[in-house]
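Encoded as structure tokens, the structure appears first; notes follow it.
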Amino acid sequence: MDIRSRFDFVFSYWIFAWYMLYALRVTSYSPKAFLILSVSINIFIFLLMIYYKNSILYISLFIIANFIIKVIPILLIHHIPIRTRDYYAGVVIFLIYNIWLYINGTSFFEIMHNQYMAILKNDARTPFMHYIVKLLNR
């Protein structure tokens, strides 16, 4: 199974969906803490991409995607305080995400391993990057 084409296998998209639900006032649980954590992890991934000499295109797409799905949402809710219940909501979403992965025959660790290997091989590592690169190569 090609995980690069599965948006539902990337936890960042789950957090972005949570942000959209929050912005639309469908939920009162703020994703702010998990957005900040995601950006922190993405800084590490960005540094790995540079260290392993990934292409400028992949690095640029990575920055653009993360700016859209993480940085902009953080800026839009920066004034919202983070409450304990928001952390609990994030843990519940992460558990549901892991159950979803299990149902689909994979795991969080397998996804992380595949993403790390994609960085090592200078391969498009997320659905967004995969589809943009595919579109550009037509």
Net charge of neighbours whose Cβ lies under 14 Å from the Cβ of residue 14, counting Lys and Arg as +1 and Asp and Glu as -1: +1
In region 64-128, what is the volume of the convex hull around the alpha carbon atoms, normalised per residue and reported in Å³? 111
What does the net charge come to around residue 55 if you take all other residues with beta carbon closer than 13 Å to its beta carbon, with K and R at +1 and D and E at -1? +2
Would you mind computing, in nm to one decimal, how far apart the modelled labels at residue 17 and residue 112 are, each placed 7 Å from Cα along Cα→Cβ? 2.1
At 7 Å along Cα-to-Cβ for each site, give me the label-to-label distance between residue 134 and residue 57 in nm. 1.5
Reachable lysines from residue 121, Cα under 28 Å, same-chain residues fewer than 8 places away excluded? 53, 70, 134
Which value in deg cm²/dmol, rounded to the nearest 500, describes the helix-derived mean residue ellipticity at 222 nm for the chain, given -39,500 (n - 2.57) per DSSP H run of n ≥ 4 and division by the residue count? -21000 deg cm²/dmol
To the nearest 10 degrees, how steeply does helix 32-51 sit against the main Cα axis of the chain, on a 0 to 90 scale? 20
Cα-projected label distance for residue 68 with residue 99, points at 7 Å along beta-carbon direction, nm: 3.0
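Throughout, read-outs are computed from the coordinates displayed, never taken from laboratory work. What you are looking at is a predicted structure, and each value in this text was computed from that prediction instead of being measured. Quick reminder, even Gly has a Cβ in these numbers, built from the backbone with ideal geometry, and neighbours come from all protein chains shown.
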